[in-house]
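Heads up: the structure comes next, in structure tokens.
The values are calculated or read from the model by the stated rules, or taken from the named source; none is laboratory data. These figures come from a predicted structure and were not determined experimentally. Please note: Cβ atoms are built from the backbone with ideal geometry, for glycine as well, and neighbour counts cover all protein chains shown. With ligands, DNA and RNA removed, areas are computed over all heavy atoms of the protein, side chains included. Shrake-Rupley method; radii C 1.70, N 1.55, O 1.52, S 1.80 Å.
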Amino acid sequence: MSGALNTPLTERLGCRAPVIQTAMGWVAEPSLVIASSEAGAFGFLGCAVMTPDEVAAKIRTVRDGTAKPFGVNFHSFQPGADRIVDLILANRDQVRAVSFGRGPNAGMIARFRDAGILCIPTVGAVKHAVKMAELGVDMVTVQGAEGGGHTGAVPTTVLLPQVLDAVKVPVIAAGGFADGRGLAAALAYGAVGIAMGTRFLLTRESPVPAISKQVYLRAGTDDIYVTTRLDGVPQRMVRTALMDRIERSGTIGMWLRALEAGLAMKRQTGASWGELLRSARAMTAHGAMPLRQAMMAATMPTLIRKAVVDGDVDHGVMATGIVAGRLDALPSCRELIDEILTEAQGRIDALCVAN
């Protein structure tokens, strides 16, 4: 590989490829983190939907499955967050980084940095990237509008150069990436690598049930859209039977779904209603989000879980990046990373010859 593929991301995270496997709830489980890390990417364990006991068990599973460094994603407002931070710090010999959206303050970031753990938040706006850099993070992942789940309106091709011009920390590009061409393009912009969620979701080691993977693979770009009906915040989803019903629902119907999802999340996590409300209120404090919307957002993982864990695509929701509309295969993580590196190297070499 050329020096262009050896970046601050590979150097600081200790991975072979400048590629991050993002922390998708219910998807970034130990099997995927182990496979992506062994393949040469840097895998993040998706702990934002886990209890502290689950986090402890799954960190152990990843450690048993690979000696490669990996990362942990969490929210500072989730139930048991303090215990999760302690677990991360206790595993600092192999947990190389943490990721988060709304999250830690400068004091918590300093704790991670003092322990040698890199802080790599995901942002969707220039002002948030600047704020995170001011708080002392090590890198930022910039997700453009093409990304899955909660998303902004600015495409990656516009947002990425804006952030690169605004901050001095290394920047990772996310939103719309799936292959070596995208990696070469991101590096050309000045990013140190790419982060991919949907592409890793559609690998053989992904724990998503086969029936759900087939729905993703069948979806064209016209079947993937942005909605605000789930929690009032724009989210990119695959069109499903449940999404169609939600689009037709009134306010009362939305509240009923929020309460049902809250009850399911309470059973799943063991959190009390008070903890769920505090989690929702913490979300309102970070983004001026009305409480009703925050309650929906706090319980959204249960709706995602139905589709990507239980395989119940008729009663669940399926977050995705728009890039799913052009994916039609389920490679292994090793095949995926090898192909990305080969293709990226080929594009870089072709540009060098052309010049």
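Below is a table of values for the structure above.
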{"item": "Residues of segment 187-216 satisfying the condition of being open to solvent by 30 Å² or more (accessible area, probe 1.4 Å), within 15 Å of Ser332 (Cα to Cα) and not in a loop (DSSP other than H, G, I, E, B)", "result": "Ala210"}
{"item": "Identity of the residue in segment 58-82, at pLDDT 95 or above and more than 18 Å from the chain's Cα centre (by Cα), that ends up least open to solvent (accessible area, probe 1.4 Å)", "result": "Thr66"}
{"item": "Selection count where residues are open to solvent by 20 Å² or more (accessible area, probe 1.4 Å), over 16 Å from Ala56 (Cα atoms) and among the aliphatic types (A, V, I, L, M), scope segment 83-117", "result": "4"}
{"item": "Elements of type helices (runs of 4 or more DSSP H) in segment 102-177, at least 2 residues being touching a Gly at 6+ places or on another chain (Cβ under 9 Å) and polar (S, T, N, Q)", "result": "156-166"}
{"item": "Which numbered condition Thr228 misses (of (1) without any contact (Cβ under 8 Å) to a residue 60 or more places away in the chain; (2) among the polar types (S, T, N, Q); (3) surrounded by 14 or more Cβ atoms within 10 Å (Cβ to Cβ))", "result": "(3)"}
{"item": "Set Thr22, Thr10: member being touching a strand residue (DSSP E or B) at 6+ places or on another chain (Cβ under 6 Å), closer than 30 Å to Leu351 by Cα and either open to solvent by 10 Å² or more (accessible area, probe 1.4 Å) or modelled with pLDDT under 95 (or both)", "result": "Thr22"}
{"item": "Residues of segment 56-105 satisfying the condition of being touching a residue at least 60 places away in the same chain (Cβ under 8 Å) and in contact with a Leu (Cβ under 6 Å, 6 or more places away or on another chain)", "result": "Arg96, Ala97"}
